[in-house]
Each structure stands twice: as structure tokens, then as C-alpha cells.
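The values are calculated or read from the model by the stated rules, or taken from the named source; none is laboratory data. As the structure is a computational prediction, the values presented were derived from the model and not from experiment. As a convention, Cβ positions derive from the backbone with ideal geometry for all residues, glycine included, and neighbour counts pool all protein chains shown. Keep in mind that these areas ignore ligands, DNA and RNA; they rest on the heavy atoms of the full protein, side chains included. Shrake-Rupley method; radii C 1.70, N 1.55, O 1.52, S 1.80 Å.
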Amino acid sequence: MNIKKKRRVKVAFLDRDGVLNSSQINNGYIGKVRDFKWLPGAKKTLKFLKSNDFKIIIVTNQSGVARAYFSLRDVYKINKYICEEMKKFGVKIDAIYFCPYHINGIVKKYKKISSLRKPNNGMFKLAQKKWNIDKKKSFMIGDQKTDMLFARKSKIKGYLFNEKNLYKFIKKII
């Protein structure tokens, strides 16, 4: 009996706010498409990653939902915007996972501890159910310590991004 093994894939996990989005309004709680501002080099980076056979997965904490700063629908609108913008650029975003929960939230439905919330790696586990992730060739780019802990818990490389241009940053990595 010959069972084919699922092809192992390289995945670039990217945080959203601070990595793809440069907007600093509302203390970083971005709930409207008009407030999303592409970070310099972000679109070029995503195209570069695709041309190097990476799956692109955005993993983002969105506790603004639990805090009633914006709705779940607002998050989905921004996700759709990101995917549509990148499609125009010839790039498919493979998945966007987000965590709307926070223990200090005021929206009862979202006021809880969640394994999805970084630094936990629940979003990585969701991706792992869909793809056979090659951990040695995959990585996380984030701008917070929680992103680096997510990477460590997922047993992938983590790169702390605190620069102005994502493309210049990614060229140092790959």
C-alpha cells in the first residue's frame, strides 16, 4: 500500500499591524479600511515571498473586537481589502487568522482567554491542520515580543521587525 505524503510547505507567518500596516491611529486599533496604511515595501515583500514558494499566512490579535472598538465585520472587511489589494498585485494571501478575544474585553461574547491569542500558537495549529508545514523553512515576522513567543511555541524562526521598510528587512532574511 503506497500512501502519498502531503507535500511539506514553507510558510511565512506575518503579523498585520506594525508589519503590513503602518497606521498608528487609535493606539494601533485599526478597525476601518480607510485607516489601514500599507507599510513601505509590504506589497513587494508578499510578492517576493510568493515568488520564493512561500504560503502567506497573516496571524493577528484583534482584541479591538472584545474591547468594542470595532466589530468582527470590520475585521473581515479589512481582511477582504488586504486580499483584494494583493490580488491586484498578483499575490494570493493563503490565509488570515485572527483572535478577537481578550480577557479584559467588554463584549461578553469575546471576553475570554483564548489559545488563538498570541503569544499562544492556536493560529499556527489551525494552519497546521490545513497544510503540512515545514517548520525548518517557515518563519514568523512580527513587531512584538508576543510574535516571537508565538514563533518559539510553534518551533519556527521568529524575526522581530522594527524597521521602516519590510522589503529591505526580508531581503536580509531570505
Single unsatisfied condition, residue 74 versus (1) more than 17 Å from the chain's Cα centre (by Cα); (2) assigned to a helix (DSSP H, G or I) = (1)
query = Can you name every residue in segment 1-38 that is touching a residue at least 40 places away in the same chain (Cβ under 8 Å), assigned to a loop (DSSP other than H, G, I, E, B) and either under 18 Å from residue 147 (Cα atoms) or of a type in the set (Val, Ile, Thr) (or both)?
reply = 15, 16, 18, 19, 20, 29, 30
task = Using the structure shown, decide if residue 57 is part of a strand (DSSP E or B) and either more than 20 Å from residue 164 (Cβ to Cβ) or out of contact with any Pro (no Cβ under 6 Å at 6 or more places or on another chain) (or both).
result = yes
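This table checks each residue for (1) in a helix (DSSP H, G or I); (2) aromatic (Phe, Trp, Tyr).
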residue: 92; (1), (2): no, no
residue: 101; (1), (2): no, yes
residue: 126; (1), (2): yes, no
residue: 148; (1), (2): yes, no
residue: 152; (1), (2): yes, no
residue: 169; (1), (2): yes, yes
ask   = Is at least one residue of segment 140-161 under 25 Å from residue 64 (Cβ atoms), open to solvent by 40 Å² or more (accessible area, probe 1.4 Å), among the hydroxyl-bearing types (Ser, Thr, Tyr) and in contact (Cβ under 8 Å) with a residue 24 or more places away in the chain?
value = yes
key: Answer residue from segment 55-92, given it is touching a residue at least 12 places away in the same chain (Cβ under 8 Å) and of a type in the set (Phe, Trp, Tyr) and is most open to solvent (accessible area, probe 1.4 Å) among those   = 69
request  = Examine segment 23-45 for a residue that is open to solvent by 50 Å² or more (accessible area, probe 1.4 Å) and of a type in the set (Phe, Trp, Tyr), and state whether such a residue exists.
outcome  = yes
message = Name the single residue that is nearest to the chain's Cα centre (by Cα) among those in segment 119-131 being closer than 15 Å to residue 55 by Cβ and open to solvent by 40 Å² or more (accessible area, probe 1.4 Å).
response = 126
